[in-house]
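The values are calculated or read from the model by the stated rules, or taken from the named source; none is laboratory data. Owing to the predicted nature of the structure, the values given are computational and were not obtained by experimental measurement. No Cβ is skipped: glycine too gets one built from the backbone with ideal geometry, and neighbour counts run over all protein chains shown. Keep in mind that these areas ignore ligands, DNA and RNA; they rest on the heavy atoms of the full protein, side chains included. Shrake-Rupley method; radii C 1.70, N 1.55, O 1.52, S 1.80 Å.
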Amino acid sequence: MLISDVLVEFDLEQPRTEPLGDLAALMHATHLPALSVALIADGRIADTLAIGEVLYGSGEAVSPQTPFQAASISKSIAAFCVLRLAADGVLDLDADVNGMLRTWRVPANGGWAPVITLRQLLSHTAGTTTHGFLGYPVGRTLPSLPDILDGRGNSDPVRVTALPGTAYRYSGGGYTVVQQLLHDVTGRGYAELAQELVLDPIGMTGSRFDQGHRPGFASGHHGGPSPIPGGAHRYPELAAAGLWSTPTDLGRFLLAVQASARGDADALLPKELAEAMLTSPTDAAYGLGLTLGPDASWFGHNGGNEGFLSTARLYQNSGTGVVIMTNGAFGMLVINQFLLPKLAAAMDWPDAPPPPERSQPAIAGRYGQFHIEEGDGGLVLVTPGQPTVELKATDRGWRSTSLNLDIRFGGDELIIAQDGIETDLRLPRSSEAM
């Protein structure tokens, strides 16, 4: 099966390296430098498609072998790594992690000492904080894991602030606890351990956890497109966000999970552990390291690092799926509004989910000299002495394409980035009525 057979609107011709029609127009309109796709069918990678440039304006074309940052899809690899060690009796999924941690321990909250488990950390039910990570620009010294966990990097400290086991709360911080635990238990670096237990056995030859941007890797881009200096941020939070990979490799990983869940003789995980990956302990659609579709019809994960956005999913009944990786700020718009709907129609999948709705009233208000107001289909930035600026929702915040201006809201602060570079302007929300 070829992608050109499935997405007939592409009207692709061999060697399928240049976009035509609607996809080309959408990539141009969203300033998306490149995307790479792997189609899964018949228990294998059925076809690949790579379009665009490694770096905007460079003329260097991406290929199916070009690595992108996989971002939070890294969590799926980390969960698989933990479960392989659990299968060998090295780790207990339901024991108190403080009994295994050595270099750093989950701190008490006042007089309350939380008890959390690996199973809870992998399913985001441990009550840990720190949703995600910003990464570190090239040239910045990388903090140690204990420093990150105690908030001495560029993220808040990881703490348990909700009753463990009661609710789902997405936490990249929890996966950083897992990374520290793996090092403390095995005495080995996470990159080496994941390579041995997951990447090499599955045949993910284009994937690695070592940090740093290499020649031939995709470069990340803010809107504009504005390339990230040095190609990409670095993420010492490897288990949560540090994987470089290709759609083909991530497709192989999904197939390895499926083979384990079927109980195949040569599978890498016992069937019961693979089934645990595909079972949510709460009413949230998340198992152990994997996002789950309705009634677990599909499993996979999304990823979003600075300048990179991706998705991976495999439908269990049909054995078909897709991995899409992009290197631009509007990658999820292209994925959710174009690629997934066309694939869903052609492959008889359930409808692809729409982009998440944003709650505008909670952030409308006055921030210093600026007003944020609700507009038609977005927000409006009102600045004294200037025409109003329309802002549209993105997966990273709000954006004005006419000004190459990005705005996000952190707590009660408005934070502005111009031309992809965050300014020093951080404006608190005022209680004064507009």
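Numbers for the structure displayed
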quantity	calculated
Restricting segment 19-76 to residues that are assigned to a helix (DSSP H, G or I) and of a type in the set (Ser, Thr, Tyr), the residue that is nearest to the chain's Cα centre (by Cα)	SER72
Some residue of segment 122-131 being out of contact with any helix residue (DSSP H, G or I) (no Cβ under 7 Å at 6 or more places or on another chain), closer than 16 Å to LEU273 by Cα and hydroxyl-bearing (Ser, Thr, Tyr)	yes
Segment 323-338 residues that are in contact (Cβ under 8 Å) with a residue 24 or more places away in the chain, paired with ones that are open to solvent by 10 Å² or more (accessible area, probe 1.4 Å) and assigned to a helix (DSSP H, G or I) (beta carbon under 6 Å, 6 or more apart)	VAL334/LEU26; PHE338/LEU26
Options TYR168, TYR175: the member that is open to solvent by 10 Å² or more (accessible area, probe 1.4 Å) and aromatic (Phe, Trp, Tyr)	TYR168
Subset of segment 117-134 (residues that are buried (at least 23 other Cβ atoms within 10 Å of the Cβ), assigned to a loop (DSSP other than H, G, I, E, B) and within 18 Å of the chain's Cα centre (by Cα))	SER123, HIS124, THR130, PHE133
Residues satisfying the stated conditions in segment 34-63, i.e. under 18 Å from GLY224 (Cα atoms), open to solvent by 10 Å² or more (accessible area, probe 1.4 Å) and in contact with a helix residue (DSSP H, G or I) (Cβ under 9 Å, 6 or more places away or on another chain)	GLY52
Residue satisfying condition, being among the aliphatic types (A, V, I, L, M), over 24 Å from LEU23 (Cα atoms) and modelled with pLDDT of 95 or more, within set LEU250, LEU273	LEU273
In segment 380-395, residue nearest to the chain's Cα centre (by Cα) [restricted to those that are modelled with pLDDT of 80 or more and open to solvent by less than 70 Å² (accessible area, probe 1.4 Å)]	LEU391
Test set (1) open to solvent by 30 Å² or more (accessible area, probe 1.4 Å); (2) farther than 24 Å from PHE68 by Cα; (3) of a type in the set (Ser, Thr, Tyr) - SER260 fails condition number	(1)
Of all residues making up segment 154-206, the number that are in contact (Cβ under 8 Å) with a residue 12 or more places away in the chain, on the phi < 0 side of the Ramachandran plot and outside any helix (DSSP H, G or I)	20
Top-ranked residue of segment 396-418 - restricted to ones that are at pLDDT 65 or above, part of a loop (DSSP other than H, G, I, E, B) and of a type outside the set (Gly, Ala, Ser), ranked as farthest from ALA329 (Cα to Cα)	ASP412
Breaking point among (1) more than 21 Å from ALA329 (Cβ to Cβ); (2) modelled with pLDDT of 85 or more, for PRO33	(1)
Single residue of PRO114, PRO137, PRO146 found to be surrounded by fewer than 17 Cβ atoms within 10 Å (Cβ to Cβ) and touching a Pro at 6+ places or on another chain (Cβ under 8 Å)	PRO137
Unique match (being open to solvent by 20 Å² or more (accessible area, probe 1.4 Å) and either touching a strand residue (DSSP E or B) at 6+ places or on another chain (Cβ under 8 Å) or under 30 Å from LEU391 (Cα atoms) (or both)) among ARG208, ARG214, ARG188	ARG208
